[in-house]
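Scroll down for the structure; my scribbles are underneath it.
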Amino acid sequence: MPFFDYRAIDQTGRSVKGVLSAVNDVDLELRLKRMGLDLVTLNELSRQYAPQGRERVTRRDLVTFCIHMRYITRAGIPLLEGLRDLRDSMEKRGFRDVLTALLEDLEGGKVLSQALAAHPAVFGAVFVHSVRAGEQTGLLDEVFERLGESLKWQEEVAAKAKRLMIYPAIVLVVVGVAILFLMIYLVPQVLQLVQTMGVALPWPTLILMAVSNALRSYWLIGLVLLLAAGIALPLWARQTEAGRNWWDRTRLRLPVVGPIVQKIVLARFTNTLAMMYRSGVTVLDALRAGERVAGNRVIAAGIRRAAQQIADGRGLSESFQSLALFPPLVIRMLRVGETTGALDEALDNVTYFYNREVLDAIENGLRVLEPLLTATLGLILGGILVSVLLPVYDLIGNLPL
């Protein structure tokens, strides 16, 4: 069905703009009527148009949605009225269009989880499964509260992870430009001057000269190869199965960054597992959802093996222990939870443990990465300067007194 860019007015006379899919303009007018809106103007858009593509729905938008939905369900406000008020107060057009589509589906007789499932790019599988479990158990307010807390934690981790990567990126760019300037412009001039004096060059200086000459002679070929690798490698890692597996394994093996990535993946998994199990979803279904949100194929394969072991009759802690991914403390907490029949509390404790571990690991990684990167780049710059100054010192030493 095509999309229509429309302008309508509600019962209070307030102007409302948005994008909605419909068979034709008559169908659009009927759909808007069901939502309490009177059509004023419309403009048909491309059939490939995606409402959320122009203004992407962010994690913060979902946090706002969860907070409002928790208040709506806790206060006993009818769902349609609460969603309509939320849509009318939403400034971001992309999310307002999504809420409009949700209202239309609810008006058509769908339940909330079914309406959410129609927008997989906005509401993921974990979100939809959790809401469906909340509908079945009558605990929608608690589900939205837990979803909101989980999304807030993910936003905090994402912000800290960006901070972890921004500093190394800036340092690498600045120092890389300085090294290129030295190797292409300054080093050849100094060494050319030294060579005219007839001084024998030491081997570090000869190596530096060879590298400098190669950069000056083949910089265009090097730039093309670098750009080709920078484009081809990410495409291979994203588009092919072998590339995705290689990248996921490599990320886990990187120094400093690898352990942080593993903790983030495991934290996301345990958070999902605890939230869904607490909402009334079975362990196997929660494990399948956790496998989908893990974001790393190596760990997802391990979770899949653990789910198969549980389906064969083994315990949760025993299956996780065989993965060799979780520390002994986590396995012990799960074993205690299984023994006492309080697995939900044990999963909450594991989630809290990993939430703190991730934040601490990022902070510690930043503390380690900064001096390590500074020292490495300092050694490179120092090596260049020493290689340049060695023949200069020899030249000074050979000067007659």
Which of the lysines could be linked to residue 92 by a straight reach, that is with a Cα gap under 18 Å, when you skip same-chain ones fewer than 8 residues away? 17
Between residue 217 and residue 89, 0.36 nm times their residue separation minus their Cα-Cα distance comes to what? 39.9 nm
Calculate the spin-label point distance for residue 356 paired with residue 379, positioning each point 7 Å from the Cα along the beta-carbon direction, and give it in nanometres. 3.6 nm
Straight distance only, please: which aspartates and glutamates reach the Cα of residue 160 with their own Cα at less than 18 Å, same-chain residues fewer than 8 apart left out? 149, 357, 360, 363, 370
Spin-label proximity, residue 137 to the stretch 93-131 - amide N less than 13 Å from point 7 Å beyond Cα toward beta carbon: 129-131
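Express the relative contact order of the chain as a whole percentage, based on alpha carbon pairs under 8 Å and six or more residues apart in sequence. Show your work: numbers first, answer last.
Numbers: 409 pairs, mean separation 56.2, N = 401.
Here the relative contact order equals 14 percent.
How far, in nm, would the chain grow between residue 314 and residue 26 when pulled straight, counting 0.36 nm per residue and subtracting the alpha carbon separation?
Numbers: separation 288, 0.36 × 288 = 103.68 nm, distance 5.81 nm.
Separation in residues times 0.36 nm, less the Cα-Cα distance, equals 97.9 nm.
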The local net charge around residue 327, scoring Lys/Arg +1 and Asp/Glu -1 for residues other than residue 327 whose Cβ lies under 14 Å from its Cβ, equals +2
Taking a ≥ b ≥ c as the square roots of the eigenvalues of the Cα gyration tensor, with a/c under 1.5 meaning rounded and otherwise prolate when a/b exceeds b/c and oblate if not, the stretch 218-262 is oblate
Residue-ordered couplings for the stretch 110-119, obtained by feeding phi - 60° into the Karplus form 6.51 cos²θ - 1.76 cosθ + 1.60 and rounding to whole Hz (Gly and Pro as x), are 6, 7, 4, 5, 5, 5, 5, 5, 6, 10
Could you go through the stretch 75-83 in sequence order and give the Karplus-derived ³J(HN,Hα) for each residue, using 6.51 cos²θ - 1.76 cosθ + 1.60 with θ = phi - 60°, rounded to whole Hz, and x for Gly and Pro? 7, x, 6, x, 4, 5, 5, x, 5
Quick one: helix 328-340 against the long Cα principal axis of the chain, what's the angle to the nearest 10°, folded into 0 to 90? 20 degrees
For the chain, with equal point scatterers placed on the C-alpha atoms only and solvent neglected, what are the log10 I(q)/I(0) values from the Debye formula at q = 0.11, 0.15 1/Å, to two decimals? -0.96, -1.32
Would you kindly derive the ³J(HN,Hα) couplings of the stretch 213-224 from the backbone phi angles with the Karplus curve 6.51 cos²θ - 1.76 cosθ + 1.60 (θ = phi - 60°), listing them in order in whole Hz, with x for Gly and Pro? 5, 5, 4, 6, 7, 10, 5, 5, 4, x, 5, 5
Within 10 Å, count the other beta carbons around each residue, average over each peptide in 75-82, 265-272, 129-136, 337-344, and list them highest first. 265-272, 129-136, 337-344, 75-82
Cut-off 20 Å, label 7 Å out along Cα→Cβ of residue 228, residues of the stretch 192-220 by amide N: 214-220
Residue 193 and residue 368 label points (each 7 Å along its Cα→Cβ direction) are spaced in nm at 4.4 nm
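Taken together, the values in this text are just the output of simple stated rules run on the coordinates, not laboratory data. Small disclaimer: the values here were computed from a predicted structure and weren't measured. Every residue, glycine as well, gets a Cβ built from its backbone with ideal geometry; the counts of neighbours run over all protein chains shown.
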